[in-house]
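> Pasting a structure here, questions to come.
The values are calculated or read from the model by the stated rules, or taken from the named source; none is laboratory data. Everything numeric here is computed off the predicted structure, so don't read it as measured data. No Cβ is skipped: glycine too gets one built from the backbone with ideal geometry, and neighbour counts run over all protein chains shown. Accessible surface is based on the protein model in full, side chains and every heavy atom, while ligands, DNA and RNA are left aside. Shrake-Rupley method; radii C 1.70, N 1.55, O 1.52, S 1.80 Å.
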Amino acid sequence: MSPSFAIWARECKSYLQSNSAWCVFAVTAAITGMLFSLSLRELDNTFEYLPAVVCKQLLLVICLPVSFFSMSLFPEEIESGTLEGLLTTPVSDWNIVIGKFLSSLTMVTLSWLISLLVMPIYLKCAAPPPTWSPLSLAGGLFTLFLSTTVWCAAGCLISLISRHQAIAGVISFAVTLICAVLFSGTFLIFDNQAVIEMTNLPDAARGIADTRVFFASISLTWFFLFCAAHRLQIRDWVVKNN
Amino acid sequence: MLVAENLTKAFGSTVAVKNVSFTVCRGERVAIVGENGAGKTTLLRILSTFLPATSGHVEICGFDLVCEAPCIRSICGYMPEKTPLYENMRVSEYLKYMARLRRIPQPERRIRVHEAIAGYDLVKYSTQKISTLSKGTRKRVALAETTMHDPDVLLLDDPFCDCDLFQKLSLVSHIKSINKLENRIVLFTSHDKDVILSLATRVICLYKGELAADLKDMSVFSEKNFQDVLKTWTEIRLRSTVHEPHTDPQGNAAVERNLEK
């Protein structure tokens with residue numbers, strides 16, 4: 001078994017055993033449900049727009065689980081000293097970063113998947129029941145997943161830069177929220193098409209695939225993880241302690 | 001064999017370890033002593049590959065510390081001072097997790113974990129959560145993890161600080177037996193005179209990051225006061241213009257003379 005997988009499994013198990021993680025799942029589902037029920041009232045023709053609306057809302061809401069699940073990735077281990085033990089085992093810095101990144105990605109993805117489970121209930125309650133295409137929803141969710149990987153990689157780096165969990169959480173939340181607002185294409189006040197088209201969720205939710213979104217997400221994720229691995233390599237927190 | 005040459009570690013303008021050179025052969029148990037802030041922990045952290053040295057060269061069992069860090073990690077067992085363990089894990093679960101990270105093959109892993117639990121008298125704690133353990137038991141868990149993969153070199157940072165007398169005696173004899181049977185190198189830091197005298201076969205004294213003394217003859221401690229001997233060695237070192245630690249017989253004679261004065 002790869003060391004990254006062992007780290008991933010330990011982190012996920014630790015999250016799932018904590019009450020706070022389940023609280024975050026519940027809060028995420030509640031906010032998503034509330035926003036969704038409000039948008040159902042507003043939309044007249046939901047056939048085309050419903051998946052786009054769902055994905056946009058999720059993109060904004062996942063800022064909460066991203067900041068929660070990434071804030072404790074490194075500060076907790078640095079504080080308790082377990083990272084010192086981990087870094088003297090035959091595990092590379094890359095393995096540690098990848099393991100931790102994957103654990104936060106898993107938990108954030110799980111949180112919006114749980115939120116999605118609530119959707120059928122709302123759709124059944126809506127009168128008249130809206131019609132929508134599951135395939136377009138899948139397209140939107142795939143783009144959402146790509147965004148989640150970028151947010152989690154950024155959160156991983158932020159948690160390594162800031163030594164305190166709370167600071168890491170606040171910065172992650174602010175950064176991901178700003179990016180979500182900019183990239184969701186909801187707000188066109190900047191009149192910057194290049195930026196807005198990066199994720200362009202409405203297009204993805206209509207089944208229009210844009211390879212630029214895919215490559216931009218992969219590149220950004222790789223960049224953030226590379227920075228995190230480099231940051232881990234220089235053992236910056238030990239220098240601060242001394 | 002462990003060879004350190006002109007090892008230096010600086011944190012900005014603060015030099016924590018300065019031009020430290022020494023060689024440790026297989027079977028030796030070396031105590032690294034010195035005041036707080038003398039550079040003991042930093043030295044062990046460098047040797048464990050946790051911290052990169054600013055300058056200098058280290059070779060452990062033929063592996064270069066910089067170029068072959070993963071090889072060194074697999075033959076070294078390092079126990080940090082704070083005994084960092086995952087609080088929410090159970091003892092056996094933690095040992096299995098660390099065995100996985102230490103890349104012990106699957107069929108062997110279960111046996112090694114079982115041996116470690118039995119060897120450090122942790123059977124009744126194996127299903128307990130680490131957060132519920134006493135400080136001394138936590139030390140034993142950490143030591144079990146450090147020695148589980150049969151490392152050639154053991155680097156222990158103040159391993160007995162939270163242990164009671166009985167635990168200390170038991171751990172000292174355990175480390176001695178490991179060292180004797182497997183012919184391993186043991187480097188440990190301690191402030192406990194009794195532990196040093198009972199476990200060490202050699203004492204390295206650091207003073208403000210520099211190697212003040214390298215005592216290979218432990219008989220000098222049996223006759224004179226432990227602190228006095230180290231103090232004298234440190235003074236000799238500081239007065240000396242030659243940047244070589246006193247390891248020669250003349251050095252011992254100088255200590256004797258100083259102590260008599």
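> Give me the inter-chain shielding for B:95-106: mean count of other chain Cβ atoms within 10 Å, whole number please.
The mean count of partner-chain Cβ atoms within 10 Å per residue comes to 4.
> Got a number for the accessible area of B:PHE188? Probe 1.4 Å, square angstrom, nearest 10.
Counting only protein heavy atoms, the figure is 0 Å².
> Using only the alpha carbons, work out the radius of gyration and Dmax of the stretch B:75-154 in angstrom.
According to the Cα coordinates of the stretch B:75-154, Rg and Dmax are 11.5, 31 Å.
> While we're looking at this one, here's another question. Averaged over A:3-13, how many beta carbons belonging to a partner chain fall within 10 Å of each residue's beta carbon?
Mean number of neighbouring Cβ atoms from other chains: 3.
> Chains B and A: buried accessible surface, both sides, probe 1.4 Å, rounded to 100 Å²?
Counting protein atoms only, the buried area is about 2600 Å².
> In the full protein assembly as shown, how much of A:ILE98 is accessible to a 1.4 Å probe, in Å² to the nearest 10?
Surface open to solvent at A:ILE98 totals about 50 Å².
> Along the Cα→Cβ direction, 7 angstrom out, place labels at B:THR8 and A:TRP94. What is the inter-label distance in nm?
Those two pseudo-labels are separated by 3.2 nm.
> How far apart, in nanometres, would the label points at A:SER80 and A:ASP236 be if each is projected 7 angstrom from Cα along the Cα-to-Cβ direction?
Once both label points are built, they end up 2.3 nm from each other.
> Got a sec? Which residues in the stretch B:1-21 would a label at B:SER55 touch, if it sits 7 Å along Cα→Cβ and we count backbone N under 14 Å?
B:5-11, B:15-21
> How well do other chains shield peptide B:3-12, expressed as the mean number of their Cβ atoms within 10 Å of each residue Cβ?
1
> Taking the mean number of other Cβ atoms within 10 Å as a proxy for protection, how do you rank B:143-155, B:115-127 from highest to lowest?
Working: B:143-155: 22.3, B:115-127: 16.8.
Averaged packing, sorted descending, gives the order B:143-155, B:115-127.
> Measuring from label point to label point, each 7 Å out along Cα→Cβ, what is the A:SER20 to B:ASP162 span in nm?
Taking the simple label geometry, A:SER20 and B:ASP162 are separated by 2.1 nm.
> Using the Cα centre as the reference, give the magnitude of the dipole from point charges on the C-beta atoms of the stretch A:3-96 (Lys, Arg: +1; Asp, Glu: -1; all else neutral), rounded to the nearest 20 debye.
For the stretch A:3-96, the charge dipole is close to 260 debye.
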